[in-house]
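Reading through the structure tokens given below for one structure.
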Amino acid sequence: MTIIFYFHQDPRFLALNDKRQKEVLNLYNDRKARSTAFNKAKVELICKHRKLRGYDDEIWFEPGLWVVSENPCDWI
């Protein structure tokens, strides 16, 4: 069994076997793809709304709006 060390924003190393490493990699790639697709759609929506009369970019800084994190959890 090959042990692979995985390091992610934590000073501790976690030893993962080959199967678990592939699962983590697939999860990461899926999350990144969904995040990229969401951010692309968000930018397109903002560009579309900028053409409207009376639109102001400050609306995105309202405290009631939820900010999507760069790396959302897989259950979101």
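Evaluated against (1) at pLDDT below 90; (2) of a type in the set (S, T, N, Q); (3) in a helix (DSSP H, G or I), Thr2 falls short on exactly one condition, (3). Select, from Lys40, Lys22, the only residue that is part of a helix (DSSP H, G or I) and either at pLDDT below 85 or over 17 Å from the mean Cα position of the chain (by Cα) (or both). Of the residues listed, the single one that is part of a helix (DSSP H, G or I) and either at pLDDT below 85 or over 17 Å from the mean Cα position of the chain (by Cα) (or both) is Lys22. Figure legend. Inter-residue proximity from the stretch 47-76: first residues over 17 Å from Tyr28 (Cα atoms), second residues part of a loop (DSSP other than H, G, I, E, B) and modelled with pLDDT under 80, beta-carbon distance below 8 Å, spacing 6+ or different chains. Indicated pairs: Ile59/Leu65.
The values are calculated or read from the model by the stated rules, or taken from the named source; none is laboratory data. Treat the numbers as computed from the prediction; the structure is a model and nothing was measured. Glycine also receives a Cβ, built like all others from the backbone with ideal geometry; neighbour counts cover every protein chain displayed.
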